[in-house]
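Structure record follows, encoded as structure tokens.
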């Protein structure tokens, strides 16, 4: 049931991206082009998402636990360190260059445009490298590898 609800949630999210036009990299790039053909519609999409998230969290915290789990799964580490800053900067630079962030990139895949056919595999390589580096640093801290 949990996987099915995850699928339905992802489908609704993807449909929202397509309907709002956020799967179109030109729309994203126009939002980032403050000196040119600036398109503020992405700010309205983000604002709507923040409102829905705010209300959703307010409702979720009123419950003692999630519907399909014994407890809420929250991150413990709140530190702002070098890997976080570098990762955020790389994410933003990649988004600015390609016009895609991960969600809209997946929704644009059926278009089979050359941009998405380059961006998505490179995004997956970046995710793999990030997890590889994190796992390598954990092994090094335990003295397993140097």
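The values are calculated or read from the model by the stated rules, or taken from the named source; none is laboratory data. Computed from a predicted model, the values in this text were never measured in an experiment. Reconstructed Cβ throughout: ideal geometry from the backbone, glycine too, with neighbour counts over all protein chains shown.
Side notes on the structure shown:
- Considering the conditions (1) assigned to a loop (DSSP other than H, G, I, E, B); (2) within 17 Å of the chain's Cα centre (by Cα); (3) free of Cβ contacts under 8 Å to residues at least 40 places away in the same chain; (4) surrounded by 13 or more Cβ atoms within 10 Å (Cβ to Cβ), residue 75 is excluded by exactly one of them, (4).
- Answer from 89, 70, 105 - the residue that is within 18 Å of the chain's Cα centre (by Cα) and either loosely packed, with under 10 Cβ neighbours inside 10 Å or more than 28 Å from residue 2 (Cβ to Cβ) (or both): 89
- Checked against (1) without any contact (Cβ under 8 Å) to a residue 12 or more places away in the chain; (2) in a helix (DSSP H, G or I), residue 103 meets all criteria but (1).
- Here is the figure for segment 38-59: residues that are without any contact (Cβ under 8 Å) to a residue 12 or more places away in the chain and part of a helix (DSSP H, G or I) total 15.
- Failed criterion for residue 61 (all others in (1) within 29 Å of residue 129 (Cα to Cα); (2) modelled with pLDDT of 85 or more hold): (1)
- Some residue of segment 92-100 being exposed (fewer than 11 other Cβ atoms within 10 Å of the Cβ), on the phi < 0 side of the Ramachandran plot, at pLDDT 80 or above and in a loop (DSSP other than H, G, I, E, B): no
- Meets criteria (surrounded by 10 or more Cβ atoms within 10 Å (Cβ to Cβ), at pLDDT 80 or above, part of a helix (DSSP H, G or I) and touching a helix residue (DSSP H, G or I) at 6+ places or on another chain (Cβ under 7 Å)) for residue 123: yes
- Single residue of 80, 52, 8 found to be over 29 Å from residue 121 (Cα atoms) and either exposed (fewer than 12 other Cβ atoms within 10 Å of the Cβ) or at pLDDT 90 or above (or both): 52
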